[in-house]
Amino acid sequence: VMAAFFANAFEAIGGFFTQIFMALIDIRFSDVKADAWYFEAVEWAGETGVAAGLGDGRFCPDGKVTREQFAQLLYNDADKPQTDGTLSSFPDAGQVSGWATDALTWAVEEGIVSGQKTGATVILNPRATATRAEAASMMKQYIADCIFSDEKVNEETAGQLTQTVRLFFRNNGLCGRY
């Protein structure tokens, strides 16, 4: 009994000191090393509120992003606008995580997410891994409809924006690769 008590106490104290140490050296996520090529981008995402990680001090940089997580990142970037809609038209709406409901509702309202067609049914498939094509499509819709909502974004201006973003990230050392 005493051994279990001390083991639990040590685990709690160790976690507490780990959090203090991370705060002192200004590392937001324990699993993102300062020399990682994506460190500055992940720190930026944490500082700005775009990404909160897993909620336990980890970011899981090698993990895969789900459709609902990607929608949440965009929703956070848009400053979490108010949503009035519902996801009830999707038969799998009940599979959406509670923390992602507003984000997916907003993404559907904005046309960023339209669902996946499976036979005659359209589903959200919120916990499935977002494919590269889905992520690119969601990002394009977000940029076109939310960031540049007052301007007409066509293929040429979208391409120019993409090039500008790439140059910004390269020139500021924010990305070592794509």
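The values are calculated or read from the model by the stated rules, or taken from the named source; none is laboratory data. Because the structure is a prediction, the values reported are computed rather than measured. A quick note on method: Cβ atoms are made from the backbone with ideal geometry, for glycine too, and the neighbour counts reach across all protein chains shown. Areas reflect the complete protein model, heavy atoms only, side chains present, ligands, DNA and RNA absent. Shrake-Rupley method; radii C 1.70, N 1.55, O 1.52, S 1.80 Å.
For the range 80-95, just list the computed ³J(HN,Hα) in residue order, Karplus coefficients 6.51, -1.76 and 1.60, θ = phi - 60°, integers in Hz, with x standing in for Gly and Pro.
6, x, 5, 10, 10, x, 9, 9, 4, 6, 9, x, 9, 4, x, 8
Spin-label point model (7 Å from Cα, Cβ direction): what's the ALA128 to ASP84 distance in nm?
Distance between the two pseudo-spin positions: 3.1 nm.
Tell me, what HN-Hα J-couplings in whole Hz come from the Karplus equation 6.51 cos²θ - 1.76 cosθ + 1.60 at θ = phi - 60° for each residue of the range 110-119, using x for Gly and Pro?
3J(HN,Hα) across the range 110-119, in whole Hz: 7, x, 6, 10, 10, x, 10, 7, 10, x.
Hey, can you find the accessible area per residue of the range 60-122 for me, probe 1.4 Å, expressed in square angstrom?
That works out to 55 Å² per residue.
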